[in-house]
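Presented below is the structure to which this report refers.
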């Protein structure tokens, strides 16, 4: 334990904080993809349910998860990071048990929705724990490890799911959450609770509008292929979702305790981080899912073999995310995002242009996966650093929730693109899979180019901070997380325009 200079309390040790934060985001992201290959196995348990009904096990988690990320982040800023972490982890763990023992599809769907709600609470609370309870000089490395856990979970989800389903059955993908969740729930007691905010709970109606609007948009996107993109249900979901989101934004601008801190978007870096997250999410989810499907449907790999073949890229993704966090992500997030996107684009071009029905595991698939995994790790750390370190410490959780919500909406778009491009019936031809890869490639390229707009941060000479001449004038910079990282890593002030002025 170390003394916290801000309030005189003791901080938990660095490994404890990182484990708590990384464990929460790992479980949250893992369950977004770990059940993707379980639909066939679930059909054996619930023969009365159609395949379309069973896909709601995947979609419902994604919809609830995306819907409540932004409201949960705002709530964490008010009720406290440790309290919301404990509530979210408790809900997630209990719901995982209910999923694992569900006697029928309705019970499974209800439990899956509660699980998504718990996961939405865990993510912003976990990064707030990390940033508040880690010493300033170690925040960059800590964000890298947090991002590494997210990258590893996203990459390993389909493969781990396939292995567990083949070896044990679909219920195993939910049982594995329980011991991990209980351990993390016990461990959060090491984190000192923060005082409840004195501004009261966020606007309830605004929170409901925000959650419902996000949920309807994600629902319309994820069900577009099944319902028909020109059909009334898709159009109705998208239109109603957009209207509710617009109402939530208008209300947030007028309410004294808004559900969404719209002022965060006045930060140039935070606004760009949201855009990068949207396109990165679209690229990431399409890339990961098309790989798992191609190995099983075209190369006729078993789910276990497909899972094992994707492990090296997952491990490299996590390693690169951690390395970038230690050396590059905090001071130069624009380079982390740009070069990570470049690596991912090259990998996707390579895969899209050489994909064939003849297996080429070692000559093509593994090298492509390693290159793409490295790119995913770098982008993840770069954009997470840019988003978290561009706001004030009081807004850590709210900013994280909003940024991750935008990424999930982008991910829903990526999954929808995959569903729209791939044929309804299994095809042994690689052509449709190549087109999904090219879609992911285009989204990754946009994310990389947008990432170049992040403010460039560098070490100040002799520990000085702020823009040139600030020290001489004695001006005080806003107390953002980047400023709190200490003189060894103080950033230059970003270029500002009236549109991207930092929130006061």
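The numbers here are math on the coordinates, done by the rules we state, and not lab data. Keep in mind it's a predicted model, so treat the numbers as computed, not measured. Note: ideal-geometry Cβ built from the backbone for every residue, glycine included; neighbour counts use all protein chains shown.
The figures follow:
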read-out	value
Using a Förster distance of 30 Å, the FRET efficiency for residue 242-residue 186 (Cβ separation, nearest 0.05)	0.10
Rounded FRET efficiency, nearest 0.05, which uses the C-beta distance separating residue 257 from residue 167 and R0 of 56 Å	0.70
Relative contact order for segment 267-368, counting Cα pairs under 8 Å that sit 6 or more residues apart, in percent	25 percent
Shape call, segment 203-258: gyration tensor on alpha carbons, a/c limit 1.5	prolate
Packing rank of 378-391, 251-264, where each peptide gets the mean count of other beta carbons within 10 Å, highest leading	378-391, 251-264
Burial order of peptide ranges 343-354, 312-323 (average beta-carbon count within 10 Å, highest first)	312-323, 343-354
Computed lengthening from residue 250 to residue 315, 0.36 nm per intervening residue step minus Cα-Cα distance	19.1 nm
Computed over segment 200-331: relative contact order in percent, which uses C-alpha pairs under 8 Å that are six or more apart	20 percent
Rough spin-label spacing in nm, given labels placed 7 Å along Cα→Cβ, for residue 51 and residue 201	4.3 nm
Sequence ranges 31-40, 90-99, 152-161, ranked by mean other-Cβ count within 10 angstrom, highest first	152-161, 31-40, 90-99
Estimated distance in nm for a label pair at residue 235 and residue 327, the labels positioned 7 Å out from Cα along Cα-to-Cβ	5.4 nm
Computed E for residue 178/residue 357 - FRET, C-beta separation, R0 35 angstrom, nearest 0.05	0.30
Overall form of segment 25-69 per C-alpha gyration tensor (a/c, 1.5; a/b vs b/c)	oblate
Approximate spin-label separation residue 101-residue 208, in nm, with each point projected 7 Å along Cα-to-Cβ	3.3 nm
Cα-based shape type of segment 238-327, given that a ≥ b ≥ c are square roots of the gyration tensor eigenvalues and the cut on a/c is 1.5	oblate
